[in-house]
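The values are calculated or read from the model by the stated rules, or taken from the named source; none is laboratory data. Since the structure is predicted, the reported quantities are computational estimates derived from the model, not experimental observations. Neighbour counts run over all protein chains shown; Cβ positions are idealised from the backbone, glycine included. Heads up: the accessible areas ignore ligands, DNA and RNA and are worked out on the full protein's heavy atoms, side chains in. Shrake-Rupley method; radii C 1.70, N 1.55, O 1.52, S 1.80 Å.
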Amino acid sequence: MDIDLLKTFVEVVRTRHFGKAAENLYITQSAVSFRIRQLEQGLGVNLFIRQRNNIQLTAPGERLLPHAQMIITGMQRAKLDVALADNMHKQVSLAGTPNIWDAFLQFGITNIVSAMPGVSLVAEVKAQQESTRLLLERTLDLAILFDPPKVDELVVERICTLPIIPISAFEGVGNENFFDNQYVYVDWGTTFSLWHARQFTGHTPPYFRTSTGRIALDLILQCGGSAFIPEVLAKPHLDKGELYRVPDVEHTSRDIFVAYHRDNEQKPLLETLVNLLVELTPNMSSEFGVK
């Protein structure tokens, strides 16, 4: 099966539009249609229900999607592995959500790379569900997550706790107006959402929602507002007087976990990487003054 046909199929699924898929793949729309027809003919099924401005997957298309994603990821992994430089002996892939990168991984990825000579590190941004799927398919070695997957095939370890504090761009904000003063909601995972729902009762809806702490922080710095932000991200701006901590609003924290397949052939290497991530926590706290 031609890998380009699968890539085209996945892109059409992602965009739900043949024209947009063509633009993203740098081919013509007729080429996209031809590739999809080729794939359908080869499999002997229809993959899409084609209606004007409404492209939907058929049941066979739904079943093909995870296999296509696995094949594409596996092929990319194989190409990287074969193309390893002469001085590289192993390859390890890790993934974190955008918030994990913003609040944790970005502060120590250079230390991790320098501490693992001879290892080619592939670092990606992946959503929680996709990371779990890739771990089970063994096309991803290590995932760093807020919400640990409850799957028997995976080893899950807690590596640190991330303090998340209430901050505002406006001086003098208190408990009575924190949520009603251009409040920005940041999705810090399932546990945070449940905690937040109890705090937020009776307030007006947030004027902005995002799944990324960095976006919320930049917005507040430029336009004003308040939000729950990891202390490690807010600390430099608090020290400069650009932001203010809101002491009478309850703060919270999130545990950070690592997960990997218990039958991964590189388990000793992954355990070394996990130890480096654990060691990153005190170094990050010292550097940024987090207690």
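Can you pull the one-decimal nm distance between simple spin-label points at GLN106 and GLU157, each 7 Å off the Cα toward Cβ?
Each label point lies 7 Å from its Cα, and together they span 2.6 nm.
So for LEU142, LEU219, what's the accessible-area order with a 1.4 Å probe, most first?
Of LEU142, LEU219, the descending order of accessible area is LEU219, LEU142.
Can you give me the distance in nm between label points at GLU242 and ARG37, each placed 7 Å from the Cα along the Cα-to-Cβ direction?
For the pair GLU242/ARG37, the computed spacing is 5.5 nm.
Once the whole set of protein chains is in place, how much accessible area is left on PHE34, using a 1.4 Å probe, in Å² to the nearest 10?
For PHE34, solvent-accessible area is about 110 Å².
Once you have the Kirkwood Rh of the range 1-159 from its Cα pairs, apply Stokes-Einstein at 37 °C and 0.692 mPa s and quote D in µm²/s.
184 µm²/s
Provide the FRET efficiency to the nearest 0.05 for the ARG16-ARG138 pair, computing r from the beta carbons and using R0 = 25 Å.
With a Förster radius of 25 Å, E is 0.30.
Taking a probe of 1.4 angstrom, what is the accessible area of HIS17 in Å², to the nearest 10?
Approximately 70 Å² of HIS17 is accessible to the 1.4 Å probe.
Going down the list LYS126/LYS267; LYS235/LYS267; LYS126/LYS240; LYS20/LYS90; LYS7/LYS126, which pairs span over 27 Å between their C-alpha atoms?
In this structure, LYS235/LYS267; LYS126/LYS240; LYS20/LYS90 exceed 27 Å between Cα atoms.
Any idea how far apart ARG50 and SER211 come out in nm if each label point goes 7 Å out from Cα toward Cβ?
Here the answer is 3.0 nm between the modelled labels.
Leaving out ligands and nucleic acids, and using a 1.4 Å probe, what accessible area per residue does the range 89-139 come to in Å²?
Per-residue value: 43 Å².
Can you give me the P(r) profile for the range 98-218? Cα pairs, bins 10 angstrom wide beginning at 0, each as a whole percent.
Going out from 0 Å in 10 Å bins, the range 98-218 shows 10, 35, 31, 17, 7, 0 percent.
Across the chain, what fraction of all alpha-carbon pairs, as a whole percent, falls in each successive 5 Å bin from zero upward?
For the chain, the binned pair fractions read 1, 5, 10, 13, 13, 12, 12, 12, 10, 7, 4, 1, 0, 0 percent.
Could you rank the peptides 268-277, 229-238, 37-46 by their average count of other C-beta atoms within 10 Å per residue, with the highest value first?
229-238, 268-277, 37-46
Around GLN38, what is the net charge, scoring Lys/Arg as +1 and Asp/Glu as -1 over all other residues with Cβ under 12 Å from its Cβ?
It works out to a net charge of -1.
Determine how large the accessible area of SER114 is when every protein chain is in place; take a 1.4 Å probe and give Å² rounded to the nearest 10.
That residue has around 90 Å² of solvent-accessible surface.
Can you give me the convex hull volume of the Cα atoms of the range 8-56, divided per residue and expressed in Å³?
About 64 Å³ per residue, rounded to a whole number.
With the alpha-carbon atoms as the only input, what is the per residue convex hull volume for the range 187-281 in Å³?
Taking the convex hull of the Cα positions in the range 187-281, it is 138 Å³ per residue.
Pull out the extension gain between ILE3 and GLU271, defined as 0.36 nm times the separation in residues minus the alpha carbon to alpha carbon distance; nm, one decimal.
Extending this stretch completely gives an extra 93.1 nm.
Over all distinct Cα pairs, what is the inverse of the mean 1/r for the range 134-197, reported as the Kirkwood hydrodynamic radius in Å?
15.1 Å
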